[in-house]
Amino acid sequence: QVQLVESGGGLVQPGGSLRLSCAASVSSFGSYAMGWYRQAPGKQRELVAIVNSGGSTNYADTMKERFIISRDNANNRVFLQMNSLKAEDTAVYYCSARMGWAQSWGQGTQVTVSS
């Protein structure tokens with residue numbers, strides 16, 4: 001079981017930026033595929049972006065022009081840089097760690113985009 005702690009959420013105006021961070025407590029962090037997901041009220045959890053153990057990335061189509069996922073294997077962290085935020089980006093953002101069929105989740109961090 002990987003322990004994940006997200007930070008960096010908050011209230012931001014439309015058009016603004018936020019950088020989310022996720023700290024992982026695991027000895028082989030570099031072997032995990034790390035991802036960000038989000039869940040808006042009344043909606044299912046959806047993929048935002050994934051960075052694989054080799055560094056390749058995948059994004060949801062609606063976010064790949066505005067969001068950037070990155071990882072720091074030396075410090076067991078994964079980041080999500082979110083730019084040009086919109087009201088519809090309001091959600092709880094969750095960090096995920098996956099290896100094989102095992103997937104762990106953080107508690108989530110709230111992002112609210114509102115004027």
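The values are calculated or read from the model by the stated rules, or taken from the named source; none is laboratory data. Treat the numbers as computed from the prediction; the structure is a model and nothing was measured. All Cβ positions, even for glycine, are placed from backbone atoms using ideal geometry, and neighbour counts span all protein chains on display. Accessible surface areas use protein heavy atoms only, side chains included; no ligands, DNA or RNA. Shrake-Rupley method; radii C 1.70, N 1.55, O 1.52, S 1.80 Å.
State all residues of the stretch 93-115 that are open to solvent by less than 70 Å² (accessible area, probe 1.4 Å), closer than 20 Å to Ala33 by Cα and in contact with a strand residue (DSSP E or B) (Cβ under 9 Å, 6 or more places away or on another chain); if no residue qualifies, say none. Don't jump to the end; show me each part of the working.
Applying the first criterion (open to solvent by less than 70 Å² (accessible area, probe 1.4 Å)) to the stretch 93-115 yields 93-97, 100, 102, 104, 106, 108-109, 111-114.
Applying the additional criterion that residues be closer than 20 Å to Ala33 by Cα yields 93-97, 100, 102, 104, 106, 108-109.
Matches in the stretch 93-115: Tyr93, Tyr94, Cys95, Ser96, Ala97, Ser104, Gly106, Gly108, Thr109.
The rows are residues; the columns are (1) buried (at least 17 other Cβ atoms within 10 Å of the Cβ); (2) charged (D, E, K, R); (3) in contact with a helix residue (DSSP H, G or I) (Cβ under 6 Å, 6 or more places away or on another chain).
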residue: Ser27; (1), (2), (3): no, no, no
residue: Lys43; (1), (2), (3): no, yes, no
residue: Glu46; (1), (2), (3): no, yes, no
residue: Ile50; (1), (2), (3): yes, no, no
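List, please: which pairs have Cβ atoms under 8 Å, are six or more places apart or on different chains, and start with a residue in the stretch 58-73 that is more than 25 Å from Ser28 (Cβ to Cβ) and basic (Lys, Arg) and end with one that is open to solvent by 90 Å² or more (accessible area, probe 1.4 Å) and modelled with pLDDT under 95?
Nothing qualifies.
Against the definition (in contact with a Ser or Thr (Cβ under 9 Å, 6 or more places away or on another chain), surrounded by 14 or more Cβ atoms within 10 Å (Cβ to Cβ) and without any contact (Cβ under 8 Å) to a residue 24 or more places away in the chain), how does Ser21 come out, yes or no?
Values: in contact with a Ser or Thr (Cβ under 9 Å, 6 or more places away or on another chain): yes; surrounded by 14 or more Cβ atoms within 10 Å (Cβ to Cβ): yes; without any contact (Cβ under 8 Å) to a residue 24 or more places away in the chain: no.
So Ser21 does not fit the description; no.
Being closer than 23 Å to Val12 by Cβ and part of a strand (DSSP E or B) is the filter here; which residues of the stretch 97-115 pass it?
Passing the criteria: Thr109, Gln110, Val111, Thr112, Val113.
Residues in the stretch 68-75: is at least one of a type in the set (A, V, I, L, M, F, W, C), within 17 Å of Gly8 (Cα to Cα) and either buried (at least 19 other Cβ atoms within 10 Å of the Cβ) or within 12 Å of the chain's Cα centre (by Cα) (or both)?
First, pick out the residues of the stretch 68-75 that are of a type in the set (A, V, I, L, M, F, W, C): 68-69, 74.
Narrowing the set further to residues that are within 17 Å of Gly8 (Cα to Cα) leaves 68-69.
The next check asks that each one be either buried (at least 19 other Cβ atoms within 10 Å of the Cβ) or within 12 Å of the chain's Cα centre (by Cα) (or both); those that pass are 68-69.
Yes.
Could you tell me how many of the residues in the stretch 82-94 are charged (D, E, K, R) and assigned to a loop (DSSP other than H, G, I, E, B)? Break it down stepwise before answering.
Narrowing the stretch 82-94 to residues charged (D, E, K, R): 86, 88-89.
If we keep only those that are assigned to a loop (DSSP other than H, G, I, E, B) as well, we get 86.
Number of matching residues: 1.
Identify, by number, the condition in (1) open to solvent by 30 Å² or more (accessible area, probe 1.4 Å); (2) more than 14 Å from the chain's Cα centre (by Cα); (3) not hydroxyl-bearing (Ser, Thr, Tyr) that Val2 doesn't meet.
Result: Val2 fails condition (1) only.
Which strands (runs of 3 or more DSSP E) sit wholly inside the stretch 1-81 and have at least 1 residues that are touching a Phe, Trp or Tyr at 6+ places or on another chain (Cβ under 6 Å), modelled with pLDDT of 95 or more and under 24 Å from Gly100 (Cβ atoms)? Spell out how you get there, then give the answer.
Working: elements: 3-7, 10-12, 18-25, 33-39, 46-51, 57-59, 67-72.
Strands (runs of 3 or more DSSP E) meeting the threshold: 33-39, 46-51, 67-72.
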